[in-house]
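Peer 1: I'd like to ask some things about the structure below.
The values are calculated or read from the model by the stated rules, or taken from the named source; none is laboratory data. These numbers were taken from a predicted model, which means no experiment stands behind them. For neighbour counting, all protein chains shown are included, and Cβ atoms are generated from backbone atoms with ideal geometry for every residue, glycine included.
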Amino acid sequence: MRRLAALAALVVALGACTSTPTEPAADQTPSATSTPSPTESTPPPDPGPTPRVGECHLLSFGQAVSVVGRTEPVRCRRKHTAETYFVGRLKLATKAGHVRRVDSRAAQEQARSTCAARLPRHLGRTPQELRLTMARSVWFTPSPKHAEAGADWFRCDLVVVAGPRRLLVLPRVTKGLGGAPALAMCATAAPGTRAFKRVGCGATHAWKAVSTVDIPGRKLPSKQAVADRMDGPCGDAARANASDPLDFTWSQESPTPEQWDAGQRYGICWVPA
């Protein structure tokens, strides 16, 4: 699944004071230059507020897949679909003395990788365990104009996909929530069928993800090579989850080229729920 990641762009307004020019006397020649008074100076640009860990946000699915800007937080006791679990600073200065744009590939990769690495710690699960959940990290950075004014933060939010283009409403506290059944990954039908839709196990479902299989290599292997690698481990996982070790079935889902390019280097083993 492509990353959900990270809000509507904010625009900073640069204000400036103005004054009314004075009419020169008839026998005077207007001066070519003048010294502005302190009241005529332009105020410094506003970088906007910095996000804080523990803030909650009511994001739509579309806002969650944006990466630039900052939405206003809501009280966590109210309905919300995202919680900020980490706030960091972007490394915008380069060794050559240049300054990266906040929306540059390097800045976004720093935010993406940091947020992904810190999500398991927040939820109290290993990265491998989180593969079998609908929990995702999304990240946000300042708008370019806020960045020009000095904003250099990036924000990591937890969201949970409830179904196609729909986010789960989160509880007031999400730290250590990784084992909650509502986060587990299920599906409406077997992988590879037209009715297959990934949903949280709190929704109506017919299949459940039970294991993952690492796929080595820099390039995505052929479908047959991936299937051969997954066949044994998925069969073992299905047997372990079956009520009858002699009568069980399973399905396996290999990563698509898009998922592989996004960093998913594993396949998923499924069994009937």
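Peer 1: From the set of residues in the stretch 89-143 that are among the hydrophobic types (A, V, I, L, M, F, W, C), out of contact with any helix residue (DSSP H, G or I) (no Cβ under 8 Å at 6 or more places or on another chain) and assigned to a loop (DSSP other than H, G, I, E, B), which is surrounded by the fewest Cβ atoms within 10 Å (Cβ to Cβ)?
Peer 2: By that ranking, first place goes to Ala96.
Peer 1: Okay, next question. Among the residues of the stretch 104-122, are any basic (Lys, Arg) and farther than 24 Å from Gly176 by Cα?
Peer 2: yes
Peer 1: Taking Leu177, is it within 23 Å of Arg75 (Cβ to Cβ) and surrounded by 22 or more Cβ atoms within 10 Å (Cβ to Cβ)?
Peer 2: no
Peer 1: Given the conditions (1) under 24 Å from the mean Cα position of the chain (by Cα); (2) in a loop (DSSP other than H, G, I, E, B), and given that Gln259 satisfies all but one, which numbered condition is not satisfied?
Peer 2: Of everything listed in (1) under 24 Å from the mean Cα position of the chain (by Cα); (2) in a loop (DSSP other than H, G, I, E, B), Gln259 misses just condition (2).
Peer 1: A follow-up question, please. Looking at Ala195, Ala209 in this structure, which one is in a loop (DSSP other than H, G, I, E, B) and modelled with pLDDT of 95 or more?
Peer 2: Testing whether each residue is in a loop (DSSP other than H, G, I, E, B) and modelled with pLDDT of 95 or more leaves just Ala195.
Peer 1: I've got another one for you. For the stretch 184-226, which positions are aliphatic (A, V, I, L, M), more than 19 Å from Asn241 (Cα to Cα) and in contact with a Ser or Thr (Cβ under 7 Å, 6 or more places away or on another chain)?
Peer 2: Once the filter is applied, which keeps residues that are aliphatic (A, V, I, L, M), more than 19 Å from Asn241 (Cα to Cα) and in contact with a Ser or Thr (Cβ under 7 Å, 6 or more places away or on another chain), the stretch 184-226 yields Ala195, Val199, Val226.
Peer 1: Right, something else. Here is a list: Val67, Val87. Which entry is under 30 Å from Val161 (Cβ atoms), among the β-branched types (Val, Ile, Thr) and at pLDDT below 90?
Peer 2: Within the list Val67, Val87, the selection yields Val67.
Peer 1: Got a sec? Which of Ala237, Ala182, Ala225, Ala189 is outside any loop (DSSP other than H, G, I, E, B), of a type outside the set (D, E, K, R) and closer than 26 Å to Val159 by Cα?
Peer 2: Answer to the selection: Ala182.
Peer 1: What residue, of Ala180, Ala184, is more than 20 Å from Asp261 (Cβ to Cβ), touching a Lys or Arg at 6+ places or on another chain (Cβ under 8 Å) and not acidic (Asp, Glu)?
Peer 2: After applying the criteria, what remains is Ala184.
Peer 1: Need the failing condition index for Glu72 against (1) within 30 Å of Gly202 (Cα to Cα); (2) surrounded by 15 or more Cβ atoms within 10 Å (Cβ to Cβ); (3) at pLDDT below 95; (4) of a type outside the set (Gly, Ala, Ser), just the number.
Peer 2: (2)
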